[in-house]
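The values are calculated or read from the model by the stated rules, or taken from the named source; none is laboratory data. Values in this document were obtained by computation on a predicted structure and should not be read as measured data. So basically every Cβ, Gly included, is an ideal-geometry build from the backbone, and we count neighbours across all protein chains shown. Just so you know, the surface numbers come from the protein's heavy atoms only, side chains and all, with ligands and any DNA or RNA stripped out. Shrake-Rupley method; radii C 1.70, N 1.55, O 1.52, S 1.80 Å.
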There are 4 protein chains.
Amino acid sequence: MTTHILTLICADRPGLIHDVTAGILDIDGNIVENAQFADPATALFCMRTVVDTEVTDADAVATAVRHRLGDTDIQRLHVRPADVRPRTMIMVSRADHCLVDLLYRWRNDLLPVDIPVVVSNHADLGDLVRSHGIEFVHIPVTADTKADAEAHLLDLVREHRIDLVVLARYMQILSDNLCAALAGRAVNIHHSFLPGFKGAKPYHQAHERGVKLVGATAHFVTADLDEGPIIEQDVARVHHAMTANDLVALGQDTERLVLARAVRYLAEDRVLLIGDRTVVFN
Amino acid sequence: MTTHILTLICADRPGLIHDVTAGILDIDGNIVENAQFADPATALFCMRTVVDTEVTDADAVATAVRHRLGDTDIQRLHVRPADVRPRTMIMVSRADHCLVDLLYRWRNDLLPVDIPVVVSNHADLGDLVRSHGIEFVHIPVTADTKADAEAHLLDLVREHRIDLVVLARYMQILSDNLCAALAGRAVNIHHSFLPGFKGAKPYHQAHERGVKLVGATAHFVTADLDEGPIIEQDVARVHHAMTANDLVALGQDTERLVLARAVRYLAEDRVLLIGDRTVVFN
Amino acid sequence: MTTHILTLICADRPGLIHDVTAGILDIDGNIVENAQFADPATALFCMRTVVDTEVTDADAVATAVRHRLGDTDIQRLHVRPADVRPRTMIMVSRADHCLVDLLYRWRNDLLPVDIPVVVSNHADLGDLVRSHGIEFVHIPVTADTKADAEAHLLDLVREHRIDLVVLARYMQILSDNLCAALAGRAVNIHHSFLPGFKGAKPYHQAHERGVKLVGATAHFVTADLDEGPIIEQDVARVHHAMTANDLVALGQDTERLVLARAVRYLAEDRVLLIGDRTVVFN
Amino acid sequence: MTTHILTLICADRPGLIHDVTAGILDIDGNIVENAQFADPATALFCMRTVVDTEVTDADAVATAVRHRLGDTDIQRLHVRPADVRPRTMIMVSRADHCLVDLLYRWRNDLLPVDIPVVVSNHADLGDLVRSHGIEFVHIPVTADTKADAEAHLLDLVREHRIDLVVLARYMQILSDNLCAALAGRAVNIHHSFLPGFKGAKPYHQAHERGVKLVGATAHFVTADLDEGPIIEQDVARVHHAMTANDLVALGQDTERLVLARAVRYLAEDRVLLIGDRTVVFN
């Protein structure tokens, strides 16, 4: 028996669930988990189905379902065996709080990804990464070398057949081209406040304004910096005696929890993208 | 067009979603919302489907689906028009925090129920209830009159064709018979702590122990007092300078939010009961 | 015995607590609650002390403490009997969720304020207010009458000797003059998101962006719209199947809880303002 | 300049803050942080003061304050330089989630403790501990060797002059004698539910009951197993599709956050014990 994860985005119409499940019955599949959502705003239909079947070939499952969908306007139809873990590249700079948390969860089987490589624009975290038996690639970035560095990055993505790129406090701004090349498969973590603060040193701005909550947002990477579709968010409570540095520390705790949840959702194909919104089947 | 809410609990087997959706297509139905869950522990399958169709008769919808399910072992198959709001009886004693909150939400169309009657073992809240245009029935309870009082209650349930009974801080213990008569359609709200405290004055016990959180649990009423299947829970944070009375006030805020959420879930047929657990499609 | 609440903001220096407590001992006072905070950023010292004493006159208590503080640079020194509740004017428009919550808490002695008057630019909520035995003043506002309306408002503030103005979803923008006149004694409630959304229909923008949390911020009213010092904040969780209207309803639940907490903190003199930040001794 | 942390528990009476601050002025101290609480239930007064002074000797500071307190009934008066970090012994079994988190925070200067030794009844985590440059002592425990093992433990506590013992998922029950020997300086982390579940496999019981929240409690170790005074608590949200194992994983995330917070509070002398309750000045 193989367990497959099927995800579908298509134009909404009556009978869709019936057709998908017909395709699954055609290959003697048994649905063990299922979720769907019809979005009134976009008239799109989203579905995530986990299927047990003796068919091992993911393409055969997809073909069976596609056959039943007929001429439905399909935006995404993807099937993969559940035990084929997404090949994930983590990108970091100097801050290690998110990286340490991701590696811990990965080593303890709490994060269903393979991590063939970690990339950084600094050398600092190399020993930590290699001690986990993972390749560490140091790609320094300056204004002059940025284009080459990004080309190097994309080479690594191709070479390692990367499915998912995780920006775990990677402090370089990606070019629009790189964002486009990674569209839909790169996640970033970002501090967040109510209300938001523009410009430098946001924790210090938040502190000066006396915020009572600090938060973090994990979102898809898009050319519009820190404005990509939101995957997960959370907050922690703050009080007046905390310094700006205390806020940073608390914010980092929130960042690592939120990023770890977002990566798990992505690794389990729980996140579907419709326009600028995510549907998260968690 | 009529919108129906269908809920189903049956023995799990391959093809169930396909069969249910076939039944829905048979009546030219369009699924606008759908959720399901196959429980490995009980081998039961739960489904909640919201369907738009020109068939106005809920029984006709149920019949169409039942026909397609064949000889599947069905534990529950229920269909009702979404705009037929559950007829709800609220029961209170003297504390009004939950009642006020429920009536506010009801009056502002945030709680899709009809409330033909409120019952209390005290007269105190009569004016409040009547000022909302709702009948108030005062049924005093003493050790001697308890059996009669409960018979009176059940008469009201029958007479008003009550679908849902909400114990909104009703401080009388229901007899096992009454619990059985209301099984699956009565919800209670209860303060809750980590860990729990047995016996009288639990907020005071919690205070003496120095708890840092107080909470509330909304659960189905069963003969096993305060141990029924859990529908919703939440907590609020506490600190050492709070008195036991401060804990009570904070706990009441939590109680009314948790109960209001639970009643809404029930009113929208989002809560399915399998064994001692609830499946909440929220 | 009279219980007084003393609040102090002054330039920080060694010996301040000793001096304040000396002043309290001079009037045979006993400290029942005390909190202080020395802010490194502003070099200001904040203190809130609750004192039991046979001295009934609040000015006499203040004088005793001021005497001991000598030539310390004092920004605020305020004493009032704890049982003299702040005279509070609530301002509303059409949305009643915050008003109903505040009135409920006030009637149940959970909010230590007196409410002599509620003002609205609409007549809708008049019956509700009057049913609580509170005067309701309808002051319509148009572009032409705005100046007169604000003058009328300030007359009411003077006439009723108002200590605290609560904007409980009052949907008119206050002029800079009015903001200045109410500086430090007016609180507003505002929806909040991570990150923030500028412009009209923020819940709809938040929905389009797929936020996972909606929140509310209670803040002091300043000329800088919705940017005043923050008193309290909270959030609630959101998922993809919620409509923009669902977000509004959930946001309103958060708004009323946050505003009620902020008003209580203010009513108990727990909020001290240093620059653009609040110190909240809760 | 030396920064000292002073903590005091004594019988409540008027003038205490004035006397303590007099003692601090006697040694030309400047108060940089201060908190106190008078508990009506026990008539005890608790105070935590952070003082800058040129007096380096903590005993001299304590003596100055004690002198001013006169014949006040003192339960605890403790002063230590803030940069002398508590010597902390961590005890573990096989689960490493709390240990990894504590070591991460310690290595990143987020946890102001020294960790001379980690003890375990299993050898599994030895490499991890030693890779941090910390001594690892394996003390197996069987019914026959328990007394010897506990004697060995106490030897280590003495030898390393341990101030704080952290049971980071140490799965052996401590004898009453050991609990007594460690009274007030040992903290344990425990999963917690609303309501509580007695007996084995609590996560499985919680799952069967359909809880919507799982939590964790950090508490002082006392002979009354898992019933010691509570230092910190938190919860995480659960839904019906989570397995008992999912609950375990989520509970572990909560455990490590709660334990880390509790250890930091203890390390900064923020936790005072009055009867069975803690006062946490955080």
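Restricted to the stretch C:171-202, and to residues there that are of a type outside the set (A, V, I, L, M), within 21 Å of A:Asp224 (Cα to Cα) and touching a strand residue (DSSP E or B) at 6+ places or on another chain (Cβ under 7 Å), the residue that is modelled with the lowest pLDDT is C:Pro195.
Checking each residue in the stretch B:210-229 for being under 18 Å from the mean Cα position of the chain (by Cα), part of a loop (DSSP other than H, G, I, E, B) and of a type outside the set (Asp, Glu) picks out B:Val221, B:Thr222, B:Ala223, B:Leu225, B:Gly228, B:Pro229.
With a cut-off of at least 2 residues that are open to solvent by 10 Å² or more (accessible area, probe 1.4 Å) and not hydrophobic (A, V, I, L, M, F, W, C), name the strands (runs of 3 or more DSSP E) lying wholly within the stretch B:113-209. Lay out the reasoning, then the answer.
Numbers: elements: B:114-120, B:135-138, B:164-167, B:186-192.
So the answer is B:114-120, B:135-138, B:186-192.
Here the stretch D:53-62 is the region considered, the condition is being surrounded by fewer than 17 Cβ atoms within 10 Å (Cβ to Cβ) and more than 13 Å from chain C (Cβ to nearest Cβ), and the residue that is nearest to the chain's Cα centre (by Cα) is D:Asp59.
Being closer than 23 Å to A:Ile162 by Cα and not small (Gly, Ala, Ser) is the filter; apply it to the stretch A:178-216 and report the residue that is farthest from the other protein chains (Cβ to nearest Cβ).
So in the stretch A:178-216, the residues closer than 23 Å to A:Ile162 by Cα come out as A:178-190.
Keeping just the survivors that are not small (Gly, Ala, Ser) gives A:178-179, A:182, A:185, A:187-190.
Values: A:Leu178: 22, A:Cys179: 17, A:Leu182: 19, A:Arg185: 17, A:Val187: 14, A:Asn188: 13, A:Ile189: 13, A:His190: 8 Å.
Selected residue: A:Leu178.
Does C:Phe37 satisfy the criteria of being in contact with a helix residue (DSSP H, G or I) (Cβ under 8 Å, 6 or more places away or on another chain), open to solvent by less than 30 Å² (accessible area, probe 1.4 Å) and within 30 Å of A:His204 (Cα to Cα)? Before you say what the answer is, go through the steps one by one.
Numbers: in contact with a helix residue (DSSP H, G or I) (Cβ under 8 Å, 6 or more places away or on another chain): no; open to solvent by less than 30 Å² (accessible area, probe 1.4 Å): yes; within 30 Å of A:His204 (Cα to Cα): yes.
Spelling it out, it is not the case that C:Phe37 is in contact with a helix residue (DSSP H, G or I) (Cβ under 8 Å, 6 or more places away or on another chain), open to solvent by less than 30 Å² (accessible area, probe 1.4 Å) and within 30 Å of A:His204 (Cα to Cα).
Going residue by residue through the stretch B:59-71, is there one that turns out to be in a strand (DSSP E or B) and either touching a residue at least 40 places away in the same chain (Cβ under 8 Å) or farther than 30 Å from B:Ala260 by Cα (or both)? Even if it seems obvious, please write down each step before you answer.
Taking the stretch B:59-71 first, the residues in a strand (DSSP E or B) are none.
Checked against the condition, which is being in a strand (DSSP E or B) and either touching a residue at least 40 places away in the same chain (Cβ under 8 Å) or farther than 30 Å from B:Ala260 by Cα (or both), the stretch B:59-71 yields no hits at all.
Tell me whether the stretch C:60-81 contains one or more residues that are among the acidic types (Asp, Glu) and in contact with a Ser or Thr (Cβ under 8 Å, 6 or more places away or on another chain). No, there is no match, as no residue in the stretch C:60-81 is among the acidic types (Asp, Glu) and in contact with a Ser or Thr (Cβ under 8 Å, 6 or more places away or on another chain). Taking the stretch A:40-52 as the range and being crowded, with 21+ Cβ neighbours inside 10 Å and among the small types (Gly, Ala, Ser) as the test, no residue passes. Inside the stretch D:84-97, residues that are under 18 Å from the mean Cα position of the chain (by Cα) and outside any strand (DSSP E or B) make up a count of 4. Applying the condition of being within 11 Å of chain D (Cβ to nearest Cβ) and part of a strand (DSSP E or B) to the stretch C:1-34 and asking which residue is most open to solvent (accessible area, probe 1.4 Å) yields C:Glu33. Within the stretch D:219-233, can one find any residue that is under 23 Å from A:Asn108 (Cα atoms), surrounded by 21 or more Cβ atoms within 10 Å (Cβ to Cβ) and touching a strand residue (DSSP E or B) at 6+ places or on another chain (Cβ under 7 Å)? Among the residues of the stretch D:219-233, not one is under 23 Å from A:Asn108 (Cα atoms), surrounded by 21 or more Cβ atoms within 10 Å (Cβ to Cβ) and touching a strand residue (DSSP E or B) at 6+ places or on another chain (Cβ under 7 Å), which makes the answer no. Checked against (1) open to solvent by less than 20 Å² (accessible area, probe 1.4 Å); (2) touching a residue at least 60 places away in the same chain (Cβ under 8 Å); (3) closer than 30 Å to C:Thr49 by Cα, D:Leu77 passes all but condition (1). Pairs are defined by a Cβ separation below 8 Å, a sequence spacing of at least 6 or placement on different chains, a first member in the stretch C:265-282 that is more than 8 Å from every other protein chain (Cβ to nearest Cβ), and a second member that is part of a strand (DSSP E or B) and of a type in the set (Phe, Trp, Tyr); the pairs so defined are C:Leu273/C:Phe220; C:Phe281/C:Phe37.
Is there a residue being of a type in the set (Ser, Thr, Tyr) and within 17 Å of D:Arg161 (Cβ to Cβ) anywhere in the stretch D:112-131? Lay out the reasoning, then the answer.
Going through the stretch D:112-131, the residues of a type in the set (Ser, Thr, Tyr) turn out to be D:120, D:131.
Now drop any that are not within 17 Å of D:Arg161 (Cβ to Cβ), which leaves none.
No, the conditions are met nowhere in the stretch D:112-131.
From the list B:Leu257, B:Leu213, B:Leu247, the lone residue that is in contact with a Lys or Arg (Cβ under 9 Å, 6 or more places away or on another chain) and either surrounded by 19 or more Cβ atoms within 10 Å (Cβ to Cβ) or touching a residue at least 40 places away in the same chain (Cβ under 8 Å) (or both) is B:Leu213.
Listed by first and then second residue, the pairs linking a residue in the stretch C:112-136 that is farther than 23 Å from C:Ala262 by Cβ to a residue that is assigned to a strand (DSSP E or B) and open to solvent by 10 Å² or more (accessible area, probe 1.4 Å), with Cβ atoms under 6 Å apart and 6 or more places separating them unless they lie on different chains, are C:Ala123/C:His138; C:Gly126/C:Phe136; C:Arg130/C:Phe136.
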